[in-house]
Amino acid sequence: MIVSSQKKQKYGQFKKLGVDFEYLLNFYKFPPLEDITIEEFETFALDRLQVLKAIEGAILRNKTEEQIRGHINQISDEFLPLRSNDGKQRYDLQAERRKDHISHFILRLAYCRNSQKKQKYGQFKKLGVDFEYLLNFYKFPPLEDITIEEFETFALDRLQVLKAIEGAILRNKTEEQIRGHINQISDEFLPLRSNDGKQRYDLQAERRKDHISHFILRLAYCRNEELRQWFLRYECILFKIRFTNEKKEDRDAFLRDENIIWPQLSSTEKESMKKELNLSQEYWKDPIFVVEFENALELVSRRAVYLKDGKAYVPAHEQITLVLSEFRKRLEEALLLASKAFPKLDDERILPLLNNINKQYLGKNFMGKNVVEGKVTADDVDELVGHFPLCMQNLHKNLRTSKHLKHYGRRQYNLFLKGIGLTIEEALIFWRKSFSMIDDSKFQREYAYNIRHNYGIEGRRKDYAPLGCMSIITNNQPGPSENHGCPFRHFSEENMKATLIDNGIRNTDQINNIITLVRDKHYQIACTKFYEITRNLEDLNEDKPVVETIQHPNQYYEASTKLTKSKKKK
Amino acid sequence: MSLQSENDAQTSLMEEIEEMEEIVETEELEDIEDTEKNTKEELEADFWRNPSRTILQAGHESQDFIPDTSELLRFFYTKLFPYKIYAEWLNYSKEIDKKFINREFSFQLSNEAVIRHLSFNNPDELKAEIVKQCPLKIDIGAVYSAKPKDKRSLRPSAYKPVEKELVFDIDLTDYDDIRTCYKGGDICLKCWQFMTVAIKILDVALREDFGFKHLLWIYSGRRGVHCWICDERARKLNNDERKAIVSYLEVIKGGAQQHKKVYLYKNMHSSLKRSLVIIEDYFEQIVLEDQDVLKDEQNWTKVLNCIPDEGLRKELNKKWLQLPLKPSIDKWHDLKSEISHYKNKKNQWRLDSSISEIMFQYLYPRLDDKVTTQINHLLKSPFCVHPKTERVCVPISPDNCENFDPLKVPTLTTLYRQLNETNNTASDKSGTKRIHHEYEKCSLKSYMKYFENFVEGIMKEIREKNREASEMSMEF
Ligand code: SF4
Ligand SMILES: [Zn+2]
């Protein structure tokens, strides 16, 4: 499936079916997609090696280019023949080119490993020590073997930490508090200690876990812009926390090894700019880095750095922003690269795992299949509305007043109802009753089909999952007379305020709190706050998020119904 | 878990990604259209549907024949619009290439009709279309990775904004809460001084701090100014970088409900210190004399609200109520001396700095950040004609901006007269002087010369760069 979609895209331009390699020449852009036998693997690689070694030999013997070419053509014909198109022998040509292609990639793999290890890890002074510092820019993917168990637990443990950061920010904590909290969570799930001259083995294991888990999540979260932004944001904060924790010598040494150095102002230059630099005494002795202003955006936006002619003069105590901007830039690029590579990732063991991991973020799919609590009937809906998130309450209210909903509203609401356990039969009853102004034949003709379609009974017969918040918030912006979407995203500010008040929130601090979140585009966090406030859960517990961030309207519903049940029990 | 369902998940994910990309794209555009539909624009466009057009007729003893506005526009676009340099500017080279061809234009044809995503293969095509359509307003957008006119047929990922001048938009409407002279639509030379200070402050900050050299300041035709920064580095900035620049330059924060809009830090940034020096030069004249902002209780309360101490506010208020006719300058001296003699050691620093904060609040430029931070945002083109005032959007020289008088900017009618007159006299004594372009015969001339020089400055730098580059490659 994946392979074929790739083929369609990448090789789609080839005119003749079954012809994959149109030319003798190949830039080896795409790794081979077909199966290779173990024998092929070995012989192909060795054959190509023969040719490359012959070239090496020829050059060593100082042959002219002419001579080298002649010699290599001969060797090639023997080990790795590759002929031009001549209108005939199509099959042979393809086989030759396939061999050329595959052997290139095997050697690429073989040679990248070794030389990479040698070059990149070459600087490590102590044998057997792979991770010299706690800090890591995650430049190279892990090379060692990983077990499937490790794969999953490492990834989920790191996810715990990133989610804890998200939660702490949601609680409006100060940077100091966030750091304290995250250090605690990290110790539990993803401990990572500084060098202290002892415990070498443990440190290595910790760092290995850090390294591997980062790469797994990178892969799991590279797949769309939304996921990438999420991952990027919290990885950057995690890195910042660690960087701040780390000892200065180790920080500096790490940066030196990563070759992250910036030009510094000489002391005479510094003296001559003294007034403009405007530094307090305590920082005067420290170096000042000179970078292009584009590399110090965070400082530029806070007006926390002196600018002259497009250069930013960054004092040493603000170094973290430069490091972070570098970290972010690299990770951003890496994620994009990974997203392009993702469709090629065709490992039937890994793919399901990855899907599973990023669902931890996207949430369950709430297909309504595993609703245990017995079914919900059409008549129950009115009673349950109190458990619905605002988006669904809004649709319900409008359905009741205008006895109608437009297409996207119907879809959003119908799928949600499916998720809370309405069967298709009940759903049809529900909609039939609700559209009371519409006669039966029109209902059957125009609406019943779509309702059944949502349940996978018509058309493509795909059982559609209820929409998650991300999709409700970003897709199909509602028009003037439409009611779908997310109130936090699509209501005007006044309207939002009125809605909050309608829902019994009278405390201005609480209202402002939600409005600020909305202004900063944290719609789901605002929704989570709304949930907490309306259920009196706010700040019961200082440190742990009371409720997980709402990712899905059905998650909201489940949380709310569960809460009521647990209260009843008490 | 079957492989099939995984694959399904995969494809639907890919679909969703594609769908999302599409949405994001259109959403951005909608946003822009929203901001364009603000009331001032609507009002102006309404004007065109009103046949009486009182403004145009007033002030002219209509002895000689003045054609109606659409005729005048056609006259302007045929005879006066500087197509050649204009195209050279947008193309950043004499040979037309992608920078021109993939540039988005938008024409406003009437109140309702705005055509977006226009693009032209060469300057002649642009000219032909402008003359044909006679747009009320021309907007310039970004350079895209493909031709904007092909947008519909392109995948969203193949159509991305690549570069655009860094632009700023400052409008007197944003000063309405502080200007006391005639409010509403119109402006006078007094309140125009807010723009003068805005230009002074921003121009030096953009040049000295960010190192930009090619800043084109343009009168927006009515109540504001635009700035087009044309350096290559500025054109290549992404949205985040644009945002950071705006936030660096922005001092005035908070909406109408917020009285005090400026908070300074103890250790003032050198860029703000420099701005403060400029503000101090103008504050007395513009704010205290011309605007007379302490003239009555309603106005001085606004100023007093910026002082973070209730006792002081009351005291000053009492004092001024006793002598309400005292000139603003004297009241300002009261304010300063009260603050410096006030015995509140805990709060002293905040009080002291509130003096500068008030000065910033009244004179520091107020930016419309959306225009600046989004690379694909449209902005009205230089040398458009403002539909209501009929004034041409001409360049303003920042070095000389204190002498710029928006009310003296040529209108369509004056230009029409001037051209007719010179044509009549020129036919008498022909051949004395060679005229290259019609605009040399009218009061647009000096503005056009300025624009020519500006574009020549950019071209010169580009030529030098190219020469250096080719010399470099020769060495190898
Ligand atoms: S955040 Fe999600 S659940 Fe909450 S209102 Fe918006 S879409 Fe509904
Ligand atoms: Zn005025």
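The values are calculated or read from the model by the stated rules, or taken from the named source; none is laboratory data. This structure is a prediction, so every number in the text was calculated from the model and none was measured. Here the Cβ is made from the backbone with ideal geometry for all residues, glycine too, and neighbour counts use every protein chain on show. Note: areas computed on protein heavy atoms with side chains; ligands, DNA, RNA excluded. Shrake-Rupley method; radii C 1.70, N 1.55, O 1.52, S 1.80 Å.
Descriptive notes on the structure:
- From the list A:428, A:351, the one residue that fits, being open to solvent by 10 Å² or more (accessible area, probe 1.4 Å), at pLDDT 90 or above and more than 22 Å from residue A:471 (Cα to Cα), is A:428.
To keep it simple, each residue is scored yes or no on (1) open to solvent by less than 20 Å² (accessible area, probe 1.4 Å); (2) touching a helix residue (DSSP H, G or I) at 6+ places or on another chain (Cβ under 7 Å); (3) modelled with pLDDT under 95.
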| position | (1), (2), (3) |
| --- | --- |
| B:347 | no, no, yes |
| B:370 | no, yes, yes |
| B:379 | yes, yes, no |
| B:408 | no, no, yes |
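- Residue within region B:90-101 that is within 23 Å of residue B:388 (Cβ to Cβ) and buried (at least 18 other Cβ atoms within 10 Å of the Cβ) present: no
- The set of residues in region A:483-534 that are without any contact (Cβ under 8 Å) to a residue 40 or more places away in the chain and of a type in the set (Lys, Arg) comprises A:489, A:497, A:506, A:519, A:521.
- Tallying residues that are part of a loop (DSSP other than H, G, I, E, B) and facing another protein chain (nearest Cβ under 8 Å) within region A:305-335 yields 2.
- Selection over region A:375-402 of residues that are open to solvent by 70 Å² or more (accessible area, probe 1.4 Å), more than 16 Å from ligand 1 (Cβ to nearest atom) and not acidic (Asp, Glu) gives a count of 3.
- Among the residues making up region B:219-241, those that are assigned to a helix (DSSP H, G or I), more than 9 Å from every other protein chain (Cβ to nearest Cβ) and either surrounded by fewer than 22 Cβ atoms within 10 Å (Cβ to Cβ) or among the hydroxyl-bearing types (Ser, Thr, Tyr) (or both) are B:232, B:235, B:239.
- Selection status of residue B:170, within 14 Å of another protein chain (Cβ to nearest Cβ) and surrounded by 22 or more Cβ atoms within 10 Å (Cβ to Cβ): no
- Just so you know, in region B:189-204 the residues that are open to solvent by 10 Å² or more (accessible area, probe 1.4 Å) and within 11 Å of ligand 2 (Cβ to nearest atom) include one that is nearest to the other protein chains (Cβ to nearest Cβ), and it is B:193.
- Within region A:150-186, being among the polar types (S, T, N, Q) and open to solvent by 20 Å² or more (accessible area, probe 1.4 Å) holds for A:153, A:160, A:172, A:174, A:177, A:183, A:184.
For every residue, the table says whether it meets (1) surrounded by 17 or more Cβ atoms within 10 Å (Cβ to Cβ); (2) in the same structural domain as residue A:412 (by TED's automatic domain parsing); (3) more than 27 Å from residue A:421 (Cβ to Cβ).
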site	(1), (2), (3)
A:442	no, yes, yes
A:446	no, yes, no
A:453	yes, yes, no
A:465	yes, yes, no
A:476	yes, yes, no
A:481	no, yes, yes
A:487	yes, yes, no
A:495	no, yes, yes
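- Of all the listed residues (B:179, B:235, B:242, B:207), the sole one being away from ligand 2 (no atom under 16 Å from the Cβ), of a type in the set (Lys, Arg) and over 20 Å from residue B:377 (Cα atoms) is B:207.
- Qualifying residue in region A:154-164 (condition: at pLDDT below 80 and part of a helix (DSSP H, G or I)): no
- For region A:252-278, filtering for residues that are open to solvent by less than 50 Å² (accessible area, probe 1.4 Å) and either facing chain B (nearest Cβ under 9 Å) or closer than 27 Å to residue A:180 by Cβ (or both) leaves 6.
- Matching residues in region B:265-291 - criterion: being among the charged types (D, E, K, R) and either more than 14 Å from chain A (Cβ to nearest Cβ) or open to solvent by less than 40 Å² (accessible area, probe 1.4 Å) (or both): B:280, B:281, B:284, B:289, B:290
- Residue satisfying all of: in region A:216-227; crowded, with 20+ Cβ neighbours inside 10 Å and assigned to a helix (DSSP H, G or I); farthest from the chain's Cα centre (by Cα) among these: A:216
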